[in-house]
1. Roughly what would the spin-label model give for residue 102 and residue 170, points 7 Å off Cα along C-beta, in nm?
2. Please sort 369-378, 331-340 by packing, taking for each peptide the average over its residues of neighbouring beta carbons within 10 angstrom, highest first.
3. Any idea what diffusion coefficient segment 144-285 gets from Stokes-Einstein, in µm²/s, Kirkwood Rh on alpha carbon pairs, 4 °C, 1.567 mPa s?
4. Based on DSSP H assignment, which helices of the chain show an axial Cα extent of at least 24 Å together with a mean Kyte-Doolittle hydropathy greater than or equal to -0.5?
5. Evaluate the distance, in nm, between pseudo-label points positioned 7 Å from the Cα of residue 83 and of residue 57 along their respective Cα→Cβ axes.
6. When all C-alpha to C-alpha distances in segment 72-111 are sorted into bins of 10 Å, what percent of pairs does each bin hold, rounded to whole numbers?
7. Suppose R0 equals 35 Å; then what is the FRET efficiency for residue 49 and residue 269 from their Cβ-Cβ distance, rounded to the nearest 0.05?
8. Put +1 on the Cβ of each Lys and Arg and -1 on the Cβ of each Asp and Glu in segment 458-594; which of 494, 577, 545 then has its Cα farthest toward the positive end of the dipole?
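The values are calculated or read from the model by the stated rules, or taken from the named source; none is laboratory data. Since the model is a prediction, treat every value here as computed from it, not as a measurement. All Cβ positions, even for glycine, are placed from backbone atoms using ideal geometry, and neighbour counts span all protein chains on display. We work out accessible area using only protein heavy atoms, side chains counted, and drop any ligands, DNA or RNA first. Shrake-Rupley method; radii C 1.70, N 1.55, O 1.52, S 1.80 Å.
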Amino acid sequence: LKVSERIALLEKLVQIPTYYVLGALSGDRLVYHSNEGGPFSIWYIDTKRKTRQRLTKEPLPLIGIAEPRQTASKVFFARDLSKGAEGSKVFAVQADKPEEEYPLAEMEPMRILGLASFDERMIAFAGSTSSSLSLYLAREGSCEKVADLPGFGGVTDANERYVVGSGFLRKNPKSEELFLFEISTRSLKIFTPKEGAVNKGPRLNGSKVLFESNYEDGKNRLYIHDAASGSTFRPHFTSPDYDAYYPLENPFFGWFEPALGRIWAVGKRDGEMRGFVDGKFVPTPPGCFNGVAFVGSTMNCAHSTLIRPPRILAIDSNSGSTDALIENSLPSEMRQKLGRAHYEKYNSFDGQEVPCFVIESNGAKPGPLIVYVHGGPASEVANLWSAIIASFVFSGYHVIAPNFRGSTGYGEEYRLKNVGDLGGGDMKDMVEAARFAKESGLADSIAMCGYSYGGYSTLLALGMYPDLFACGVAGASIADWVEQYELSDAAFKNIIEMLFGGGVNRDLLRERSPVTYVENVKAPLCIIHSQNDTRTPLVPILKYALKLPKGVPFELHVKPDLGHAVASVDDVMNIVFPAVEFLGKYLPTDGNSS
Ligand code: 4NP
């Protein structure tokens, strides 16, 4: 293929729209986030007429959008005013006045971590400056700091009495607590049913708080805490389906018919999700969801799989009938380039079972393969559409995506296995993924690629295992934890302390930094980094590149005026195109070589 043909193919691929269902507004309006037409924006679809309307004007990455409320007609969100550096202010847009977004109040720009609105006027959010992470209440014309949050956390819900959220609030790297802020008394209470437990995602119904916790037996379950009586109990389900499915995590949940106190939940295991109402299975198709909103008895969700492009489904939880509000399919010439996607497990160096997804191209087996390392590290590759993975597969690569220890999706015990050990056991799991791909006859030559934590892992792997990989692509990577810590704001300082097991151990930070092993690097390296990234700052990466041994071919792509989050199809193209061009040179395939 010629360069122009490769660009055209990739462009077609990254233009396949993605969706995240955010919630619903009054008047049958289902609100979602999408890159339909290019820039990521907030949209709504009129679920009766099926007409779509874009609500925001400038590109808006998926960080910091308050859940739209069915009693309201406005959406509140954090608008970055610093070209990707996440210096944000709270904005609002009215559904009846699309593209007329406006700042809610004068405020200092800050990193906004979770917002929730509880009527048309009031909004609560957690904001981080260089010195502190605090809880704020804002309304038209005013914004007030009401409490400091110790550690790291975000707001998940609010009503007329309370603001709730969760995070690392006791600075214990292996626990997460809930916070409950009472608006009338301005008192902040940090709550856990048991010290050391992980509690997440509180959702309010009057004084009742629905949340996920592992406090009883280590398994993530849903619980209700009654702030009025102080009691905590498991919800009672009328159907046994949910318990029989034995979900390991609950990525989405909420109150269903709040007056009756029934709940809905999405359960997850083995990289798949299923929906339940009052414990009863809603016939959701295989795959995963990006955002779920219940309207009456209808479960609205953005559905996809690794090989099926995203769409928005409305599933009636009573009848089970499914209506595609927005449908997309792969053009047949693209479908031909895809092989199978399958879920596998392999044993790592110490016997730990590591789950992974394998996505095969239609090329030869064994053939060139990419170990794709996800970000986070508390995240995962599930059976969900990924434009980056799809770009690799369509360019002729098999992909293995290990859910290394520390990944989400397999319960808290597994998620906590790399806390205090970043770049240790998790790194070896990634290396074992390469071995597994070779031994199972899928791979001959192998590259490692990743973004953010995946970019960090790629740099570290090329330094620690210089003979294993044909080349590497590191996007938004981390080269030096010591310098990264110094450049971070209050929230990210806390995240780094938490990830490294509490406190600042400079020796460990140095030991696990790619820059410590830079002299060993042999394989060609492609570095892609945004100039204004404040989560993984650019400066340590520039220094790392200058230290690469002479003779190691490397590319360094710095993207001006961009930050850590992608805001448009063009941003995705800016990451994927240099990656695929570089791979074509150092890991050629039939369909991708220059
Ligand atoms: P992520 O990025 O993989 O996109 O979540 C990260 C950015 C910063 C840190 C970790 C991950 N950090 O610890 O500073």
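1. It is 4.6 nm.
2. Peptide ranking by packing, descending: 369-378, 331-340.
3. Details: Rh = 15.6 Å.
It diffuses with D of about 83 µm²/s by this estimate.
4. Span-like helices here: 569-586.
5. 2.0 nm
6. Spelled out bin by bin, segment 72-111 gives 33, 48, 19, 0 percent.
7. Using R0 = 35 Å, I get an efficiency of 0.40.
8. 545
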